[in-house]
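Below you will find the structure I want to go over with you.
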Amino acid sequence: MPTETNSTHSADPATPVTPTPTPVTVLGLGAMGQALAGAFLKAGHPTTIWNRSAGKGEDLVARGATRAASAAEAVRAGELVLVCVVDYDASQAILEPLAADLSGRVLVNVTSDSPERARAAAKWAAGHGIAYLDGAVMIPTVMVGTPEALLFYSGDEAAYKKHEALLKSLGGQSAYVGADHGLAAVYDLSMLDFFWTSMAGLVHGYALAAKDGVPASALAPFLKAHIALLGLVVDETAQEIDSGEYQGAEANLAVELAGVEHILHAAERRGLDVSVLRGVRDVAKRAVDLGHGADSWTATVEGVRNPGA
């Protein structure tokens, strides 16, 4: 398995770009596929669309998109072909018969799946002479095409550089993160890991307050300020994890673990589900047992890395 971890980000993502009109094809017209095709159209790119089932994309056609009668016809119309479907089983089922048509073109797959599936798809593409980029869309459909929209790309760097302005039509914060085709998915999963566990904590915090009669709306303003604190520790935590040095002089893990235990017991007394909190406690306790009691909270990463310890 590739071990590349260095990221190669493009120039300032906020820099305005004016892409040359480029014929593009979008395969897959779910909500996200339609949003991506719409962004290409808005940026002035001749856009051909195709979907496995009929009845989608009428608005895009009204805006100037060309509906292809077949996937092969759609691919032949585009210099860059973007596929956005439910999973890699679906994308490969569409792409396998199109290998000859895709040869010599740039294929961008923004279908969500695992790094392993992305690497397997890249191997297939390389075997057919297809320049391949794997991608991840990190924003909801309403943000597609905006300067704030974040998308990750990994794989063929030359293909990315050639079409960087075109791809930034989909999002001004688009970033190329490395030659390993699996890296876009790694970034995607890591960021969503943080997002969904944070959302779980948000919901659980509201539920805990509600048990004592505090409505979520009353807690919300204070949580906004609390969440802002996370932004202050992101870089420091990353540095500690990369260096393996967890400075706990100001607040050590053993003390923090005691605080987690207090929250856990309070939630249990109020009849709440505590499976997530128990997981947090167990990971922290494992890190303490591994000798990190005097280190910072970042040392819980050792509990995550050593689940059998």
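The values are calculated or read from the model by the stated rules, or taken from the named source; none is laboratory data. Since we're looking at a predicted model, the values are computed, not measured. In this analysis, Cβ positions are derived from the backbone assuming ideal geometry, glycine residues included, and neighbour counts consider all displayed protein chains.
Count, please, the residues in region 30-61 that happen to be part of a loop (DSSP other than H, G, I, E, B), farther than 24 Å from SER103 by Cβ, free of Cβ contacts under 8 Å to residues at least 60 places away in the same chain and not polar (S, T, N, Q).
6
The rows are residues; the columns are (1) more than 26 Å from HIS292 (Cα to Cα); (2) surrounded by 15 or more Cβ atoms within 10 Å (Cβ to Cβ); (3) among the small types (Gly, Ala, Ser).
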residue: PRO221; (1), (2), (3): yes, no, no
residue: ILE227; (1), (2), (3): no, no, no
residue: LEU230; (1), (2), (3): no, no, no
residue: VAL233; (1), (2), (3): no, no, no
residue: GLU236; (1), (2), (3): no, no, no
residue: GLU240; (1), (2), (3): no, yes, no
residue: GLY248; (1), (2), (3): no, yes, yes
residue: ASN252; (1), (2), (3): no, yes, no
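Okay, next question. Looking at the structure I just gave you, is THR197 of a type in the set (S, T, N, Q), outside any loop (DSSP other than H, G, I, E, B) and surrounded by fewer than 21 Cβ atoms within 10 Å (Cβ to Cβ)?
Criteria met by THR197.
Across region 104-118, what is the total count of residues that are out of contact with any helix residue (DSSP H, G or I) (no Cβ under 9 Å at 6 or more places or on another chain) and at pLDDT 95 or above?
Counting residues in region 104-118 that are out of contact with any helix residue (DSSP H, G or I) (no Cβ under 9 Å at 6 or more places or on another chain) and at pLDDT 95 or above gives 0.
The conditions are (1) crowded, with 21+ Cβ neighbours inside 10 Å; (2) in a loop (DSSP other than H, G, I, E, B); (3) not aromatic (Phe, Trp, Tyr), and ALA121 fails exactly one of them. Which is it?
So ALA121 meets the others, but not (2).
Please go through (1) under 21 Å from the mean Cα position of the chain (by Cα); (2) touching a residue at least 60 places away in the same chain (Cβ under 8 Å) for THR146 and return the number of the only condition it doesn't satisfy.
Every condition holds for THR146 apart from (2).
Is there a residue in region 129-137 that is assigned by TED's automatic domain parsing to the domain that holds ARG105, farther than 22 Å from THR47 by Cβ and assigned to a loop (DSSP other than H, G, I, E, B)?
Yes: region 129-137 contains one or more residues that are assigned by TED's automatic domain parsing to the domain that holds ARG105, farther than 22 Å from THR47 by Cβ and assigned to a loop (DSSP other than H, G, I, E, B).
Which ones in region 62-71 are more than 29 Å from the chain's Cα centre (by Cα) and part of a helix (DSSP H, G or I)?
Answer for region 62-71, where residues must be more than 29 Å from the chain's Cα centre (by Cα) and part of a helix (DSSP H, G or I): just ALA62.
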